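Right, one structure below, let's go through it.
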Amino acid sequence: MVDLVTPEKVAVRAGLPTLLDAGMRAAIEEAIADGFAEAAAHLNRSPTPETFTQRGVVPDGRGGWLLNHGPLIEVLSATAETHPVNGALTGAYTIVYRAGLDPDADRRYGSVLARFVLWSAAASPIVRRIAQEKGVRLQSAVNVEGQGVTYESSQVTAGSGVAGAPPTLADLDEWVSHTVYQAPGRGPHPIETGVAWL
């Protein structure tokens, strides 16, 4: 996953030389971080695996654990908890585990995520400013009889389906984590809602 999105890959996408000085590298790394943050906000979770520590976990009786985050990648440790006063075992455990979306294990997800972050970083105002400073032409201008137009010469509309078009956040919709909430208390009777009985 280290090579999922690198500053050099973003530089190639933005038309920059791949030999980056420290300032360019730091700016591109910031643009990459922004792309991952945008993906995380859309997915409602981290786009890459995270390590979690959960205390007070009781075995589920079938040889497993009821953990708060998923999908589970691996359990790193399970430590039996003791009572703070008498030191007796409580029957609960502190579990350290890795969970979440894994671009290394799910290659299709990894390629969609990498493509989104690459395009997002390359289109970032920070990277575009560097490209302009390095002489990369981002815009073309045409003037005829005193009237002119300036336009993006090589930009294809994002999400247009054209080969090479930039991806959109909608490309990550398959992996969005939906939050389900049900208010406590009694649900309405079907006769109160007007919904047909099944």
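The values are calculated or read from the model by the stated rules, or taken from the named source; none is laboratory data. Since the structure is predicted, the reported quantities are computational estimates derived from the model, not experimental observations. As a convention, Cβ positions derive from the backbone with ideal geometry for all residues, glycine included, and neighbour counts pool all protein chains shown. Accessible surface areas use protein heavy atoms only, side chains included; no ligands, DNA or RNA. Shrake-Rupley method; radii C 1.70, N 1.55, O 1.52, S 1.80 Å.
Using a 1.4 angstrom probe on heavy atoms only, work out the carbon and sulfur share of the accessible area of region 6-85 in %.
54
Given a 1.4 angstrom probe, what's the average accessible area per residue across region 32-86, in square angstrom?
65
Scan around Trp65 for amide H atoms under 5 Å from its own, H built in the peptide plane at 1.01 Å from N, and keep only partners 5 or more places away or cross-chain.
Asp60
Might you report the magnitude of the Cβ-based charge dipole of region 1-118 about its Cα centre, with Lys and Arg at +1 and Asp and Glu at -1, to the nearest 20 debye?
260
Starting from the Cα-Cα distance between Leu89 and Gln54, subtract it from 0.36 nm times their residue separation and give me the gain in nm to one decimal.
10.9 nm
Would you kindly derive the ³J(HN,Hα) couplings of region 35-52 from the backbone phi angles with the Karplus curve 6.51 cos²θ - 1.76 cosθ + 1.60 (θ = phi - 60°), listing them in order in whole Hz, with x for Gly and Pro?
x, 5, 5, 5, 5, 4, 5, 6, 7, 6, 5, 5, x, 10, x, 10, 9, 10
So what does Asp34 come to for accessible area, using a 1.4 Å probe and Å² rounded to 10?
Here the residue's solvent-accessible area equals roughly 80 Å².
Run the numbers for Glu8 and Val144: contour at 0.36 nm per residue of separation, minus the present Cα-Cα distance, in nm.
Going from the current span to full extension adds 45.0 nm.
Could you order Ser111, Ser177 by accessible surface area, starting with the largest, using a probe radius of 1.4 Å?
Heavy-atom accessible area, descending, gives Ser111, Ser177.
Once you sort the root eigenvalues of the Cα gyration tensor of region 1-141 as a ≥ b ≥ c, which label holds: rounded (a/c under 1.5), prolate (a/b larger than b/c) or oblate (the other case)? The partial results should precede the final answer.
Working: a/c = 4.01, a/b = 3.02, b/c = 1.33.
Judged from the Cα gyration tensor, region 1-141 comes out prolate (a/c at least 1.5, a/b above b/c).
Calculate the dipole size of region 1-56 relative to its Cα centre from +1 charges on Lys and Arg beta carbons and -1 charges on Asp and Glu beta carbons; express the result in debye to the nearest 20.
Here the size comes out at about 200 debye.
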